[in-house]
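The values are calculated or read from the model by the stated rules, or taken from the named source; none is laboratory data. On a predicted model such as this, the values are computed, not experimentally measured, just so you know. As a convention, Cβ positions derive from the backbone with ideal geometry for all residues, glycine included, and neighbour counts pool all protein chains shown.
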Amino acid sequence: MYDNSGSISKNTRKEKDTHPDIKGKATIGGVNYWIDGYAKTGDSGPWYSLRFKVREEKQPVAEVAPANDDSGDIPF
């Protein structure tokens, strides 16, 4: 995806009226965003209200080393 661009499509997982009608993603100023769009109707006709949320990068799950409990001591 290029900077200052994005894409949206119909939300096929919409189950409630409060869920967005369209969803997508965009990159603006090098920051990745999720886009939620809600269909509205006004005096000028239909339009969309948009909400942008920063996409958090998934953090790798840290592996925990198995405890070596041979000493019987409690380490605190």
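Residue count for the range 32-49, restricted to those that are part of a strand (DSSP E or B) and loosely packed, with under 14 Cβ neighbours inside 10 Å: 8. Scanning the range 32-52 for residues being closer than 18 Å to TYR2 by Cα and in contact with an Asp or Glu (Cβ under 9 Å, 6 or more places away or on another chain) gives a total of 2. Taking the range 3-31 as the range and being within 19 Å of GLU57 (Cα to Cα), loosely packed, with under 15 Cβ neighbours inside 10 Å and in contact with an Asp or Glu (Cβ under 8 Å, 6 or more places away or on another chain) as the test, the residues that pass are ILE28, GLY29, GLY30. Could you go through the range 31-47 and let me know if any residue there is touching a strand residue (DSSP E or B) at 6+ places or on another chain (Cβ under 9 Å), among the charged types (D, E, K, R) and at pLDDT 95 or above. Scanning the range 31-47, I find at least one residue that is touching a strand residue (DSSP E or B) at 6+ places or on another chain (Cβ under 9 Å), among the charged types (D, E, K, R) and at pLDDT 95 or above, so the answer is yes.
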